Structure formats: structure tokens, C-alpha cells
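The values are calculated or read from the model by the stated rules, or taken from the named source; none is laboratory data. Bear in mind the structure is a predicted one, so any value in this text is a computation, not a measurement. Cβ placement follows ideal geometry from the backbone for every residue including glycine, while neighbour counts extend to all protein chains displayed. SASA here: full protein model, heavy atoms, side chains in, ligands and nucleic acids out. Shrake-Rupley method; radii C 1.70, N 1.55, O 1.52, S 1.80 Å.
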Amino acid sequence: MDRKKIKKQAKMLMKKHFGFLVAICLVSAMITSEFGGTLSWIFSQNNETINEEMTALPSDLSTSKVLQDIFDDNLDAGEKMADEIKQKEISSVKNPAFGRSRGVFAALINSITSGSIFLSMVAAVNSMVGSESLAVLLLILLGLFVFLMFWFYVQNTYAVVLRRMFLESRTYQKIPFERFMFLSKVKRWTRASFIMFVRYVLYTLWSLTIVGAFVKHYSYLMVPFIVAENPDIKALEAITLSRKMMNGHKWECFKIDVSMLGWTILSSCTLGLSAAFFSNPYKMMIFCEVYVHLREKAKAENLVYSECLNDMYLYAKASEETLKEAYPEIKNKDLNVKPLPGIRGFFANYFGILFAIPTIW
């Protein structure tokens, strides 16, 4: 594997969709941990602002105490403290242009920072179940469930979506927005999420060993690329294929990571800007090229499960008609489906969700 050649090819490919690739990597930095630290300077500024606002409040007023009152079933005291916090926050903002006294967003921010939104949620659930303790417990469980679902279906799966977009950008000049929902269009989003979940569990278990975290990081490196190409593959098949593809190449991929150390240092010096606007998509494109190289080698050597790598039009440009035949999920005209207007059309076209309107007889 020629590292210099791969890097040169990656730089050349990036020029075709530079802005697009930067944007999707920024999304990854915001909602996942894959490019962790890229936007840390923004969050640090936000934390400093929040800390300044919190230090302006008296020590006996805090959102944590409001939450403590909720857990102690003392909603009246919590509501009183939330109102005091809200008034103090409104009066502590000196610049009227950024005040909290007017507007929908100001009201939302006030309700979150003061804790009153949690009181409202508990009161709403309490009115249905008739128990404040049960209402708090249900809200905690609901919050945990929402967090887990967001991680499983979004954070956990975005790695596959990201790599699919990079692979398509290598071949095609135009990538429509709806390609982000490729997994949904082929009805394989949950399967892809499950495969990435299995990968996460196995990697976590191996991380408990002395060198497992390092070795398995590279052993499982190709899994999201494999799923991006063929979301029909089974979890253990994808993991096994990745291990086979990486045999003898883990050290080479490690050297690629080491060669990017200079970009990591530059990212720290530029508060993450160089990473956000160049090195993150550059590194992703490099490993896309690594995957393409190892894919060709796997098929030539007839590795186990290499027959699953069968999306030929992901690497060879085809006509629009050929793509419609190869990917039935993007055939619109042939299905004779009348386009849906308004918000129904938006969700149907881009998210694969069809809202049915009941007919009243």
C-alpha cells in the first residue's frame, strides 16, 4: 500500500466536493465523537458564558437545587426558586440586544436554565399518573430512553452515512441531499445501527485487555465502510471481513495516523479550525482510499464474505437510467407515484416517512 500515492489521490478527490465534505464532517463533529475536540473551542466559549451567568446568581440559587426539590417531591419550593433564578438571570444581562425578557427563544432559554421546564414536565406527567414520585421516575426513564435511541440510531450510525457520502463523492459529481437517507430508503437503517452497535460492544470488551483497544481499533476500522457499501450484510460477517481485510495492514494504517500528527498539532494551535476545514475530511478521504485499495485486494484474494462487496456502481460511474435500475429505491417516475405536496412531501422524499391523512366519510 503506497501511502504517498493514497494521500495524493485523497487530496485530488477532495477538490470535487470540498465544501460538501467539510460540512458533513462538521455535522459529525457536532453530533458524534469521531472528530472529538474539533469544536471544543466553541463549547469552551459557551461554557465560559454559562459560568459567568451562573456566578452572577447568588450561591443559594441554582438549577441543581431546583432539580433536588423535584427529586424530593417539593415542587412548590422548586417552582419558587425557578422563578427567582429566572428573574435574576433576566436582570443580570446588561446588553439589551442579548436580553432574556422577550421572544420565544428567550422564554425557552430561561425555562431551561432556571429549571422551570422540568417542573412543567413533572406537573404534566403527574396530572396523568397521580404521583409526583412516579412522574419523576418516568421522566428519568424517558430521558434515558431518548438518549439511548439518539445514540443508537443517530450517533452510532452516522459513521456509516458519512462514509457512504465520501465513497459516492469519489465517483459522482453530484450528490443529492436525499442520499443522506440512503439507509432509510433501502430500509436498512436499523440493521446498520445494530451492526455498529455490535462493533461497539466487541470493541469495548476488547478494550478491557492490555492491547485490545489498539489492535481492535484497526481490526474493525473497515466495518462502517463495509456497511456503507452493503447494509444487507450481517454484523459478524462485516466484522469478520474487516478483520480479514486488515490482516497485515494494521501497522500501515497506524503509520497513516502518525503521519497526521502534524495536522493534530496545527488543529490545537488554530483552535480546531484547521481540522474542521481541512484535515478531518482529508483524513476521512485517505481512509476511503485505503478501503478501496483493501476492497480490491480482498476480492482478488477471494476473502471470506468478500462477495458481499458488490456495489459496483459505487466505484464506476453509471448513467441515470442504469442507477434507477440498480437502486430501485430511487425510482420515482417508474413507480407512478404522484408527488406529495408540502410537509408530507418533505418527510416522504427526504426521510422515507409517509404521514397518512385519515378520510372522513
Whichever residue in the range 149-180 is of a type in the set (A, V, I, L, M) and farther than 22 Å from residue 312 by Cβ and, among such residues, is surrounded by the most Cβ atoms within 10 Å (Cβ to Cβ) | 159
Among the residues of the range 155-174 satisfying the criterion of being assigned to a loop (DSSP other than H, G, I, E, B) and within 19 Å of the chain's Cα centre (by Cα), which is farthest from residue 292 (Cα to Cα)?
-> 156
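Yes/no matrix, rows are residues, columns are (1) farther than 23 Å from residue 17 by Cα; (2) at pLDDT below 95; (3) open to solvent by 70 Å² or more (accessible area, probe 1.4 Å):
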site: 286; (1), (2), (3): no, no, no
site: 289; (1), (2), (3): no, no, no
site: 336; (1), (2), (3): yes, yes, yes
site: 348; (1), (2), (3): yes, yes, no
Pick out the one residue from 223, 227, 201, 258 that is farther than 24 Å from residue 156 by Cβ and among the β-branched types (Val, Ile, Thr).
-> 258
Among the residues of the range 198-221, is there at least one that is modelled with pLDDT under 95, in a loop (DSSP other than H, G, I, E, B) and touching a Pro at 6+ places or on another chain (Cβ under 6 Å)?
-> no
Among the residues of the range 246-264, is there at least one that is closer than 15 Å to residue 292 by Cα, among the hydrophobic types (A, V, I, L, M, F, W, C) and over 21 Å from the mean Cα position of the chain (by Cα)?
-> yes
Among the residues of the range 222-256, which ones are assigned to a helix (DSSP H, G or I) and open to solvent by 70 Å² or more (accessible area, probe 1.4 Å)?
-> 236, 243, 244, 251, 255
Assuming residue 271 fulfils every condition listed in (1) modelled with pLDDT of 95 or more; (2) open to solvent by 60 Å² or more (accessible area, probe 1.4 Å); (3) outside any helix (DSSP H, G or I) apart from one, which condition is it?
-> (1)
Can you tell me which of 184, 259 is open to solvent by less than 60 Å² (accessible area, probe 1.4 Å) and more than 26 Å from residue 151 (Cα to Cα)?
-> 259
Cβ pairs under 6 Å, 6+ apart, first in the range 224-235 and over 13 Å from residue 187 (Cα atoms), second surrounded by fewer than 22 Cβ atoms within 10 Å (Cβ to Cβ) and aromatic (Phe, Trp, Tyr) = none
Select from the range 189-213 the residues that are within 20 Å of residue 253 (Cβ to Cβ), in contact (Cβ under 8 Å) with a residue 12 or more places away in the chain and in contact with a Phe, Trp or Tyr (Cβ under 8 Å, 6 or more places away or on another chain) and write down the one among them that is surrounded by the most Cβ atoms within 10 Å (Cβ to Cβ).
-> 199
